[in-house]
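Nothing in this text is a laboratory measurement; each read-out follows from the coordinates by a stated rule. Note that the structure is a prediction, hence the values are computed from the model and not measured. FYI the Cβ positions are ideal-geometry reconstructions off the backbone, even for glycines, and counts take in every protein chain you see.
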Amino acid sequence: MKIRSTSIAVLAAVPLALAGCAGGPAQAPAPAPPPKAAAPSPEGVAWTGRMCGLVGDFSASQQQLPGVDKTNTATVKKSVTERIDSAVRSADDTINGLRGLGPSPIAGADSVNDGFQQGFTQVRDLLTSAAEKAKQIDPTNEQRFQEGMAAMQQELQKGQQLDLQDELAALDKNEELKAAAQQAPECKQFFTSPQQPQPPR
């Protein structure tokens with residue numbers, strides 16, 4: 001199984017989704033070297049599973065954000081602000097969860113966890129900045145409302161510069177960590193299975 005490039009890249013695209021913007025195409029991952037035999041301990045598999053679960057929970061939470069109420073400019077401002085605030089809380093929860101994992105039983109895995117923490121911190125800080133701009137939007141004047149929305153979207157579009165591919169690459173290169181990830185059920189979402197042939201219609 002190979003790690004999906006889009007599974008983590010979608011995290012950086014969360015701010016764009018909130019702004020109603022679409023990110024660029026995900027970059028294809030570099031070819032992975034042939035996996036070598038690695039035998040992670042049960043403790044290593046459990047630790048890796050918890051890390052994957054925290055990352056995956058953030059991604060899943062972004063699919064459940066409150067909708068945007070387009071009744072009028074005031075409801076748009078209120079609902080957009082609530083969406084961003086919710087995403088900020090989710091990012092905070094993920095960062096705190098990753099910090100609480102404790103030392104990894106797998107050599108080199110702590111640096112991968114540190115990288116994810118840094119990546120989510122960037123996402124949280126960007127969202128926090130966008131939330132501040134959203135709260136400054138003036139819904140009582142159409143021109144000022146549009147200008148405020150544009151400023152908020154410009155902030156969110158900085159998400160295009162966020163890239164967690166280095167963390168994926170580090171996970172992929174650590175043979176014991178990758179083997180643990182392949183065994184942990186929580187990590188299945190980050191791997192692509194060999195494609196099955198489609199039945200004829």
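Give, as a single signed number, the net charge of other residues whose beta carbon lies under 12 Å from the beta carbon of Trp47, with Lys and Arg counted +1 and Asp and Glu -1. Can you show the working numbers first?
Details: positive: Arg50; negative: Glu43, Asp110, Glu176, Glu186.
With Lys, Arg at +1 and Asp, Glu at -1, the neighbours total -3.
Name the residues whose placed amide hydrogens come within less than 5 Å of the amide hydrogen of Phe191, ignoring near sequence neighbours (fewer than 5 apart) on the same chain.
Arg4
Under 11 Å from the Cβ of Ile106, count the other residues' Cβ atoms, weight Lys and Arg +1, Asp and Glu -1, and hand me the total. Intermediate values should be presented prior to the final figure.
On the way: positive: Lys178; negative: Glu43, Asp110, Glu175, Glu176.
Computed value for this residue: -3.
In percent, how large is the relative contact order of the range 70-156, given Cα pairs closer than 8 Å and 6 or more residues apart? Provide the component values of the computation, followed by the final result.
Working: 66 pairs, mean separation 31.3, N = 87.
Over the range 70-156, the number comes to 36 percent.
Would you mind computing, in nm to one decimal, how far apart the modelled labels at Thr121 and Asp93 are, each placed 7 Å from Cα along Cα→Cβ?
Label-label distance for Thr121 and Asp93, simple model: 2.2 nm.
Figure the gain on full extension for Ala169 and Glu43 (residue separation times 0.36 nm, minus the Cα-Cα span) and round it to one decimal in nm. Show your work: numbers first, answer last.
On the way: separation 126, 0.36 × 126 = 45.36 nm, distance 2.23 nm.
Stretched fully, the Ala169-Glu43 segment lengthens by 43.1 nm.
Which ³J(HN,Hα) values in Hz, rounded to whole numbers, follow from the phi angles of the range 128-134 under the Karplus curve 6.51 cos²θ - 1.76 cosθ + 1.60, where θ = phi - 60° and Gly and Pro get x?
4, 5, 5, 5, 4, 5, 5
Is the shape of the range 83-134 best called rounded, prolate or oblate, per the rule: a/c under 1.5 gives rounded, else a/b larger than b/c gives prolate, else oblate, with a ≥ b ≥ c the square roots of the Cα gyration tensor eigenvalues?
On the way: a/c = 5.05, a/b = 2.63, b/c = 1.92.
Prolate.
How big is the Kirkwood radius of the range 111-194, worked out from every pair of different alpha carbons and given in Å to one decimal?
Numbers: mean 1/r = 0.0646 Å⁻¹.
Averaging 1/r across every pair of different Cα atoms and inverting gives 15.5 Å.
Calculate, in whole percent, how much of the Cα-Cα pair population of the range 58-118 lies beyond 18 Å. Can you show the working numbers first?
On the way: 934 of 1830 pairs.
When every Cα pair of the range 58-118 is considered, 51 percent fall beyond 18 Å.
Using a Förster distance of 35 angstrom, determine the FRET efficiency expected from the C-beta separation of Phe191 and Thr140, and round it to 0.05. Mind showing how you got there, number by number?
Details: r = 50 Å, r/R0 = 1.43.
Once the sixth-power term is evaluated, E becomes 0.10.
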